[in-house]
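Engineer: After the structure tokens below, expect a handful of questions from me.
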Amino acid sequence: MSYRFEANESAAEAVERVALEQLDKALEHTKAKTKLDDAVHDVRVCFKKLRGLIRLVRDEPGDKQYQRENILYRDLNRDLSKVRDTAALTEILSCRQKRGFSANVSTRKKLTLSRADFTNTGRPGVLSKKLMS
């Protein structure tokens with residue numbers, strides 16, 4: 001994604017607009033009727049773009065605000081990576097089982113419960129609640 005400035009806006013206004021667009025996209029992905037894994041990926045991409053934008057203008061808002069924003073999106077992405085990792089492990093166990101390898105049922109159950117617990121078993125889920133607060 002390239003960041004575009006509108007002719008009638010200052011650099012500060014453009015940065016704010018682009019940041020809000022990325023946040024809106026992230027929220028849309030949490031509410032979309034797509035697979036959870038796809039939504040997680042798309043939200044993580046939005047947050048990575050936000051972190052990149054924040055890095056570009058880090059001197060303007062000051063170090064404290066930069067650190068606060070950077071840490072917020074970094075931590076949200078870390079939380080989301082847990083969902084992605086759990087989904088990948090569950091998929092690997094399923095593939096192994098289909099190929100005749102024995103899969104530890106309790107491990108698979110724990111992974112499934114862990115994923116459901118993280119996403120709060122429903123959409124929009126934990127992420128939207130964090131973003132909206």
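Engineer: On a 22 Å Cα-Cα criterion, which of the cross-link pairs 33/98; 25/64; 25/48; 48/82 come out too long?
Structural biologist: Table pairs above 22 Å Cα-Cα are 33/98; 25/64.
Engineer: Let me ask you something else. Separation between the residue 11 and residue 36 pseudo-spin-labels, each 7 Å from Cα along Cα→Cβ, expressed in nm?
Structural biologist: 4.3
Engineer: How many angstrom lie between the Cα centre of region 74-88 and the Cα centre of region 1-59?
Structural biologist: 18
Engineer: What's the extension gain from residue 60 to residue 82 if we count 0.36 nm per residue and subtract their Cα-Cα distance?
Structural biologist: Here the answer is 4.7 nm.
Taken together, the values in this text are just the output of simple stated rules run on the coordinates, not laboratory data. As the structure is a computational prediction, the values presented were derived from the model and not from experiment. Heads up, the Cβs are rebuilt from the backbone with ideal geometry, glycines too, and the neighbour counts pull from every protein chain shown.
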